[in-house]
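Written out below as structure tokens is the structure these notes cover.
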Amino acid sequence: MSSKKFQFLSLMFLMGLAVLVLTACGSDDNNQTTPGNNAQETTGGGNDDGMDGAQGWRGAMEDFGVGVPFRATETLDLTMIFRELAENPFNEDWEMLQLLQEMTNVSLDVEHIMHEDFEDRRNLLLATGQAPELMPFIWAGHEVPFIAGGQLLPIGNYFEYMPNFTHWVTEWDMWPVIDNLERADGNTYILPGLFQDTRVRFSVALRQDILEQLDIYSQLPTGFPDSWEEIRLVLEEVAERQDEFDLDYVYFDRWNLESTLNIAASTWGVGAGWGIGSTLHYNHDTNEFEQFAQMEAARDFVGYWAGLVADGLLHPESLTIGCEAPWEAFVNGRSFMIGNPGNVIEYELDRDNLIAEGHTHLEGIEFRTLPIPQGPLGITGEQVIDNGIVLNSSIRERDDFFAILQFIDWLWFSEEGREFAIWGIEDTHFEWVDGYRQLTDGFFDTRNALNMERQGEAGARNMEMDLGFGENVWVFAAGSSRDLMTSTMNDNTRELHELNAQTRLRNRINPSVPWAALGAQRQEMYALWQTSIVDHTRTNIAAFIAGHRPMSDWDAFLSELEAMNLNEWVAAGNEAYQMGPIIPD
């Protein structure tokens with residue numbers, strides 16, 4: 001059992017025992033709970049840091065727990081930062097914010113920062129002691145530089161006061177994942193987003209109408225290419241019949257191939273593309289870290305993609321051209337396959353617009369997103385946590401500290417709070433129809449392509465841009481539970497998610513290296529080595545795939561990294577890991 005889970009369950013047992021003793025002695029307060037003595041899944045409970053139980057409890061609810069809506073008993077003001085998108089600028093008059101204040105009695109003082117500057121600005125605010133109290137949208141690991149200086153609250157010490165968070169972590173058996181967020185000092189500083197199902201954000205999409213015309217189609221047991229090897233076989237036949245299908249490209253990928261390399265890499269047991277990270281990967285057989293170039297699986301992985309380019313199946317400009325050109329080629333029917341963000345709704349909308357403009361040759365084109373194809377390990381994505389929240393350590397000095405924890409726990413971790421952040425209020429913004437949530441008349445959602453036929457209608461309002469719902473800053477705007485994650489999906493995407501989540505994905509906890517355990521001086525030196533090693537690795541992965549460097553040069557590539565202190569760096573990473581948290585079984 002994990003340490004956090006043990007602490008939480010032990011606390012619940014002791015609190016329950018205390019209540020039984022008080023009841024047996026016949027208290028004069030008719031057994032009413034007060035902040036500091038609630039039991040079960042409520043956030044009263046115990047003294048904190050040896051302080052009086054009432055300190056820090058101003059505004060907190062006495063009976064707050066799972067399924068209980070939060071409303072502060074006194075007005076609370078809270079400062080926070082907000083990640084703003086250029087296409088959807090922050091608006092302090094959003095209905096979502098007004099309703100949130102009315103419902104919870106909490107007023108948010110928001111500093112909104114454009115997304116391209118968000119991380120740098122947040123880090124500057126933390127470094128200079130000017131950070132707001134609540135900081136959503138931070139990825140695990142990015143909090144580490146601010147731990148030693150004491151800027152962040154060790155939130156792990158207060159999990160027991162967040163009943164919704166602890167409920168779902170226990171319900172979804174995620175304590176090992178949460179324990180893996182402990183840092184070198186044994187504390188946890190981030191509240192991560194939680195997913196009931198492993199979340200699949202990206203995959204690949206293809207032309208379903210062409211797939212069904214291929215000879216190999218009848219040989220695919222699932223009705224689609226289920227593995228990367230089957231994808232290669234499909235691409236080979238498409239290439240042979242490229243003129244017949246009037247294609248300029250067989251496979252032309254987006255995002256410089258980074259997305260597809262990321263999702264494919266885990267099926268080989270490595271990391272690449274967007275997910276390459278430090279290039280250190282945990283070997284679950286040896287219980288040690290090794291670097292990408294040292295792994296035989298990495299050589300095989302890069303060799304697969306290099307083979308696609310060499311055989312004319314993957315357009316080499318996929319590695320450099322960005323997003324727009326592959327998108328246009330796919331939507332206009334000139335390529336067969338592309339990297340894809342989870343669904344084909346946007347492709348279909350663009351295709352339909354082109355048909356309406358007179359491009360009738362696109363009629364009959366059908367797109368399909370594939371479940372993440374299987375690789376040699378037979379597993380796919382590993383993500384069960386999302387970006388999360390950190391708190392300024394100064395927040396602990398507030399006399400309404402526990403009320404703020406209750407507010408965060410309700411909005412970001414309760415089903416009711418998350419539903420509100422995505423859908424708004426039942427019978428006002430959405431209603432239930434045949435077991436599914438649907439927007440009521442007058443609302444549409446461009447982010448999830450819901451009721452887009454209403455766009456442009458007089459009085460129709462966009463849930464995200466006009467009202468502020470579904471914003472990524474609310475961390476779980478995409479859901480968290482299976483119900484909410486699939487609630488904004490169409491039937492095809494929902495089926496895809498359920499297939500990925502229930503029958504294909506195998507979660508594996510991969511720890512990170514707690515470099516801080518080695519001390520600031522050594523950590524700084526290894527960070528410099530890491531930058532050079534990562535840059536050289538990324539550059540050469542692209543060179544191998546594009547064919548600018550032959551795969552026979554792999555050993556030379558490894559030697560180049562060794563000349564950059566690779567072996568010493570890997571050894572230091574394993575030393576730090578042994579000094580840090582132990583990965584759970």
Karplus (6.51, -1.76, 1.60) ³J(HN,Hα), θ = phi - 60°, over the range 177-182, in Hz, Gly and Pro reported as x = 5, 5, 4, 5, 8, 5
Per residue and in Å³, how big is the convex hull formed by the alpha-carbon atoms of the range 104-157?
-> 116
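Multiplying the sequence separation of ASP466 and ALA571 by 0.36 nm and subtracting their Cα-Cα distance, what value in nm do you get?
32.5 nm
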Quick calc: nm separation of the 7 Å Cα→Cβ label points for ASP350 and SER107 -> 4.5
1/(1 + (r/R0)^6) with r = Cβ-Cβ of GLU457 and GLU366, R0 = 35 Å, i.e. FRET efficiency to nearest 0.05, evaluates to 0.80
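May I ask for the net charge around PHE90, where only other residues with Cβ less than 11 Å from the Cβ of PHE90 are counted and Lys, Arg are +1 while Asp, Glu are -1? Write out the running numbers ahead of the final one.
Numbers: positive: ARG83; negative: GLU84, GLU92, ASP93, GLU111, GLU471.
Taking every other residue near PHE90 into account, the sum is -4.
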Between GLU397 and ARG522, how many nm apart are label points set 7 Å from Cα along the C-beta direction?
-> 3.5
Over the chain, calculate the relative contact order: mean separation of alpha carbon pairs under 8 Å at least 6 apart, over the residue count, as a percent.
-> 20
Want the number for THR75 to ASP311: 0.36 nm per residue separation, take away the alpha-carbon distance, what's left?
-> 78.4 nm
In Å, the Kirkwood hydrodynamic radius from C-alpha pairs for the chain sits at 26.2
Calculate, in whole percent, how much of the Cα-Cα pair population of the range 124-187 lies beyond 14 Å.
-> 65
Check: C-alpha center the range 211-275 vs C-alpha center the range 310-373, spacing in Å is 13
Grab the beta carbon distance between THR320 and LEU124, set R0 = 30 Å, and tell me the FRET efficiency rounded to 0.05.
-> 0.40
Calculate, in nm to one decimal, what GLU244 and GLU431 gain on full extension: separation in residues at 0.36 nm each, minus their alpha carbon distance.
-> 62.6 nm
The range 249-405, Rg to Rh (Cα coordinates; Rh as Kirkwood inverse mean 1/r) = 1.13
Taking only the alpha-carbon atoms of the range 514-571, what semi-axes of the equivalent ellipsoid follow from 5 times the gyration tensor eigenvalues under a square root, in whole Å, largest first?
-> 27, 11, 7
In nm, the gap between the two label points placed 7 Å beyond Cα toward Cβ at HIS548 and ASN283 is 3.0
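Laboratory data are not the source of any read-out in this text; all were calculated from the coordinates shown. Keep in mind the model is a prediction, meaning the values are calculated, not measured. All Cβ positions, even for glycine, are placed from backbone atoms using ideal geometry, and neighbour counts span all protein chains on display.
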